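Report on one structure; see the data block that follows.
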Amino acid sequence: MAITYPLTLPTDPQPRELTWQAVNRVAVASSPFTGQEQVYAHPGQWWELSFELPPLSTSQAAEWTALLLRLHGRAGTFEFAPTDSSPQASVSGTITVGAVDGAQLDLTGMTGTFTAGDWIQVETGLYRVTVGATAVAGAATIEVWPAPRSEIIATTSTVDYTSPVGRFRLFDSVQWAVDVAKRHGITLGAKEVV
């Protein structure tokens with residue numbers, strides 16, 4: 001049986017510690033004589049995450065390790081959902097992208113308000129709202145991070161604001177620890193698939 005990616009992680013238990021990292025590729029050159037700087041922001045932006053699971057029973061560890069082994073190291077991908085993914089304000093409607101302009105998304109079919117800090121998913125990308133907006137006549141313009149990759153977002157792409165997920169790939173090979181009481185510990189790190 002062929003493995004189909006992305007895989008879905010087990011939901012129990014939730015990570016006891018989760019770290020998100022927003023990666024920006026920015027070059028800074030500083031003159032050794034004047035100290036004046038030149039800054040160039042490259043278009044590369046993506047999420048990295050690392051998390052540690054609480055001590056697992058043997059059966060919980062078996063489920064997690066089997067899934068991680070099915071990723072075949074960096075070959076496979078998995079979906080990961082932010083733990084605080086519900087919008088902070090009331091948002092409804094079948095929201096679609098009308099246009100992409102830099103870090104801005106023009107949205108249509110929306111009622112309510114997106115607030116800074118809300119998570120959304122468009123196609124396979126996971127975004128965090130940095131500048132929110134309230135819909136007027138079903139439309140709103142929001143700013144998100146990372147900057148949307150316009151090559152994967154169509155002007156008819158649907159915005160998932162109820163259960164957004166991102167697609168990730170492991171950094172390294174899989175490892176886990178087992179203590180003398182047979183409690184299993186798993187820590188992993190991953191990079192968003194771009």
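The values are calculated or read from the model by the stated rules, or taken from the named source; none is laboratory data. Everything numeric here is computed off the predicted structure, so don't read it as measured data. A quick note on method: Cβ atoms are made from the backbone with ideal geometry, for glycine too, and the neighbour counts reach across all protein chains shown. Please note that ligands, DNA and RNA were not included when accessible areas were found on the heavy atoms of the full protein model with its side chains. Shrake-Rupley method; radii C 1.70, N 1.55, O 1.52, S 1.80 Å.
If a residue has to be free of Cβ contacts under 8 Å to residues at least 24 places away in the same chain and either outside any strand (DSSP E or B) or within 27 Å of Thr162 (Cβ to Cβ) (or both) to count, how many in segment 29-71 make the cut? Final tally of qualifying residues: 9. Evaluate the following for Thr130: is it under 14 Å from Val144 (Cα atoms), out of contact with any Leu (no Cβ under 8 Å at 6 or more places or on another chain), surrounded by 13 or more Cβ atoms within 10 Å (Cβ to Cβ) and touching a residue at least 24 places away in the same chain (Cβ under 8 Å)? Yes; evaluated as a whole, the condition is true for this residue.
Which residues, taken from segment 16-53, are within 15 Å of the chain's Cα centre (by Cα) and not aromatic (Phe, Trp, Tyr)? Leu18, Thr19, Gln21, Ala22, Val23, Asn24, Gly44, Gln45, Glu48, Leu49, Ser50, listed by residue number.
Looking at Arg169, is it touching a Lys or Arg at 6+ places or on another chain (Cβ under 7 Å) and part of a strand (DSSP E or B)?
So Arg169 fits the description; yes.
Taking the criterion of being more than 11 Å from Trp64 (Cβ to Cβ) and of a type in the set (Val, Ile, Thr), the residues of segment 168-186 that qualify are Val178, Val180. The residues of segment 81-100 that are in contact with a strand residue (DSSP E or B) (Cβ under 7 Å, 6 or more places away or on another chain) and either among the acidic types (Asp, Glu) or surrounded by 14 or more Cβ atoms within 10 Å (Cβ to Cβ) (or both), listed by number, are Pro82, Ser85, Pro87, Val91, Gly93, Ile95, Thr96, Val97, Gly98.
Here is the figure for segment 1-28: residues that are aliphatic (A, V, I, L, M) and exposed (fewer than 10 other Cβ atoms within 10 Å of the Cβ) total 4. If I go through segment 29-45 residue by residue, how many of them are of a type in the set (Asp, Glu) and open to solvent by less than 90 Å² (accessible area, probe 1.4 Å)? Final tally of qualifying residues: 0.
Taking first residues from segment 161-184 that are more than 17 Å from Ala62 (Cα to Cα) and hydrophobic (A, V, I, L, M, F, W, C) and partners that are open to solvent by 70 Å² or more (accessible area, probe 1.4 Å) and assigned to a loop (DSSP other than H, G, I, E, B), the Cβ contacts under 9 Å between residues at least 6 apart in sequence or on separate chains come to Leu170/Arg74; Phe171/Arg74. Would you please name the residue that is nearest to the chain's Cα centre (by Cα), looking only at residues in segment 145-194 that are closer than 11 Å to Val122 by Cα, open to solvent by less than 20 Å² (accessible area, probe 1.4 Å) and at pLDDT 90 or above? Only one residue tops the list, namely Gly166.
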